[in-house]
Amino acid sequence: MKTHFYTQDIIDICTEKHLTVDEIFALVSEKHPTAGKSSIYRNVEELCTEWALKKVVWASKKTYFEKAKHDHIHLIDQETGEIFDYDIANFPDLKIPENFSVKDMDIKIFGTFKK
């Protein structure tokens with residue numbers, strides 16, 4: 001089993017992007033043509049448990065992955081399906097109690113951009 005073999009490639013590919021496992025597999029395969037989809041899936045899941053990647057589950061139950069970074073909200077354009085990161089700092093009234101330790105957050109706002 002090649003867990004960790006593709007780790008850095010997967011992290012690099014997922015930086016500043018929201019990708020499915022199929023998309024990650026296609027991009028890793030360009031560099032490693034013999035990579036197996038199950039190996040990529042295991043690596044992605046392992047990276048999620050280590051907090052190096054974050055899962056973003058869309059309304060259609062499709063799962064996307066991104067490189068873990070600062071806390072942010074996902075704006076999801078329902079017309080295009082695109083996912084945009086929106087900094088949590090833009091919500092100054094969002095107050096988390098001081099005695100509550102946030103381990104993960106997954107806030108999604110669905111809508112469309114005015115044209």
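The values are calculated or read from the model by the stated rules, or taken from the named source; none is laboratory data. Quick caveat, the model's predicted, so the values are computed rather than measured. Cβ placement follows ideal geometry from the backbone for every residue including glycine, while neighbour counts extend to all protein chains displayed.
Evaluate the following for ILE109: is it more than 14 Å from the chain's Cα centre (by Cα) and hydrophobic (A, V, I, L, M, F, W, C)?
Yes, satisfied.
Considering only residues of region 10-44 that are more than 12 Å from the chain's Cα centre (by Cα) and either among the β-branched types (Val, Ile, Thr) or not assigned by TED's automatic domain parsing to the domain that holds VAL57 (or both), which is surrounded by the fewest Cβ atoms within 10 Å (Cβ to Cβ)?
By that ranking, first place goes to THR34.
Does ILE83 satisfy the condition of being of a type in the set (Val, Ile, Thr), in contact with a strand residue (DSSP E or B) (Cβ under 7 Å, 6 or more places away or on another chain), over 19 Å from ILE109 (Cβ atoms) and touching a residue at least 24 places away in the same chain (Cβ under 8 Å)?
Considered against the rule, which asks whether it is of a type in the set (Val, Ile, Thr), in contact with a strand residue (DSSP E or B) (Cβ under 7 Å, 6 or more places away or on another chain), over 19 Å from ILE109 (Cβ atoms) and touching a residue at least 24 places away in the same chain (Cβ under 8 Å), ILE83 comes out as no.
Which condition does LYS114 not pass, out of (1) closer than 25 Å to GLU30 by Cβ; (2) in a loop (DSSP other than H, G, I, E, B), if it passes all the others?
If we test LYS114 against (1) closer than 25 Å to GLU30 by Cβ; (2) in a loop (DSSP other than H, G, I, E, B), just (1) comes out false.
When only residues in region 88-108 that are touching a residue at least 40 places away in the same chain (Cβ under 8 Å) and part of a loop (DSSP other than H, G, I, E, B) count, which is farthest from ALA52 (Cα to Cα)? Walk me through how you get there before you give the answer.
First, the residues of region 88-108 that are touching a residue at least 40 places away in the same chain (Cβ under 8 Å): 104, 106, 108.
The next check asks that each one be part of a loop (DSSP other than H, G, I, E, B); those that pass are 104, 106.
Values: ASP104: 12, ASP106: 15 Å.
For region 88-108, the residue satisfying everything is ASP106.
In region 66-86, how many residues are loosely packed, with under 13 Cβ neighbours inside 10 Å and more than 15 Å from the chain's Cα centre (by Cα)?
3
THR63 - would you say it is modelled with pLDDT of 85 or more, surrounded by 11 or more Cβ atoms within 10 Å (Cβ to Cβ) and either β-branched (Val, Ile, Thr) or outside the structural domain of THR15 (by TED's automatic domain parsing) (or both)?
yes
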